[in-house]
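Here is the structure we will look at, set down as C-alpha cells.
The values are calculated or read from the model by the stated rules, or taken from the named source; none is laboratory data. Fair warning: this is a prediction, and the values are worked out from it, not measured in the lab. When we count neighbours, we look across all protein chains shown, and the Cβ atoms used for this are built from the backbone with ideal geometry, even at glycine. Areas reflect the complete protein model, heavy atoms only, side chains present, ligands, DNA and RNA absent. Shrake-Rupley method; radii C 1.70, N 1.55, O 1.52, S 1.80 Å.
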Amino acid sequence: MEILPPQAGKELEVYFICDAKNIENKYVFIGTTNLPINTYLMIELINRKIKYRASSKTQVLDYGKFESEIFKYGSDISSNSIPDGDYEIEIIVPITSVQPDNVKVVFGQKGRNLVGTYVTCDDITGKTIKFQKMVKVSR
C-alpha cells in the first residue's frame, strides 16, 4: 500500500533534544520533542564496547518533555549505575496504529503527516521515527 503525502498544513517535522541526567550516580535520559502528549516512545541505550543494551518505555508529557527509567548495570541494586563511557541513545516511536487516539489524529493515516530527518517509511507499516545520538556518561 502506498503512503499518502502529508495533509496540507498538517505536516509535523519531528525533533528531539535529549541528554543524560545523573541522579544519585544513576542515569536517566531526559528530553523534549514536538511530538504530541501521550506519544509512546522506546528509549534504547547501547554500549557495544561493554556489550550493554537496555531499553525503557515512556510517553511524551506536557510541553513535550519525556524521561526514561533509570538505566542499570548488574544485579547489585545499591551500586548498579552504568559504567562511564560513550553510549548510543536511540529513541524509537512505535507505529501509528498502536499510538493513542490523540496521537493518531496528528500523525495521520500510517503516519503520513510525519516529516523530517528522523522519519523513515515502509510500505506496510507506514512512517516511523528513529532518533540516534552518541552521549558521554561520566561522573
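Of all the listed residues (Ile82, Ile129), the sole one being more than 18 Å from the chain's Cα centre (by Cα) and of a type in the set (A, V, I, L, M, F, W, C) is Ile82. Looking at the range 124-137 only, could you name the residues that are part of a strand (DSSP E or B) and hydroxyl-bearing (Ser, Thr, Tyr)? Across the range 124-137, the qualifying residue is only Thr128. When you scan the range 66-84, do you find a residue that is at pLDDT 95 or above, within 16 Å of Ile23 (Cβ to Cβ) and open to solvent by 90 Å² or more (accessible area, probe 1.4 Å), even just one? No: zero hits. Checking the structure you have, find out if any residue of the range 42-57 is modelled with pLDDT of 95 or more, closer than 27 Å to Ile95 by Cα, in contact with a strand residue (DSSP E or B) (Cβ under 7 Å, 6 or more places away or on another chain) and in a loop (DSSP other than H, G, I, E, B). Within the range 42-57, none of the residues are modelled with pLDDT of 95 or more, closer than 27 Å to Ile95 by Cα, in contact with a strand residue (DSSP E or B) (Cβ under 7 Å, 6 or more places away or on another chain) and in a loop (DSSP other than H, G, I, E, B). For the range 98-125, a residue qualifies if it is more than 13 Å from Pro6 (Cα to Cα), modelled with pLDDT of 95 or more and surrounded by fewer than 19 Cβ atoms within 10 Å (Cβ to Cβ), and the qualifying residues are Val98, Pro100, Asp101, Asn102, Lys104, Thr117. The number of residues in the range 13-37 that are open to solvent by 60 Å² or more (accessible area, probe 1.4 Å) and not in a strand (DSSP E or B) comes to 4. Looking at the range 102-123 only, could you name the residues that are closer than 12 Å to Leu12 by Cα and assigned to a helix (DSSP H, G or I)? Scanning the range 102-123 gives Val103, Val105, Val106, Phe107, Gly111. May I ask you to list the residues in the range 18-39 that are over 15 Å from Lys110 (Cα atoms), at pLDDT 95 or above and under 11 Å from the mean Cα position of the chain (by Cα)? Passing the criteria: Gly31, Thr32, Thr33, Leu35.
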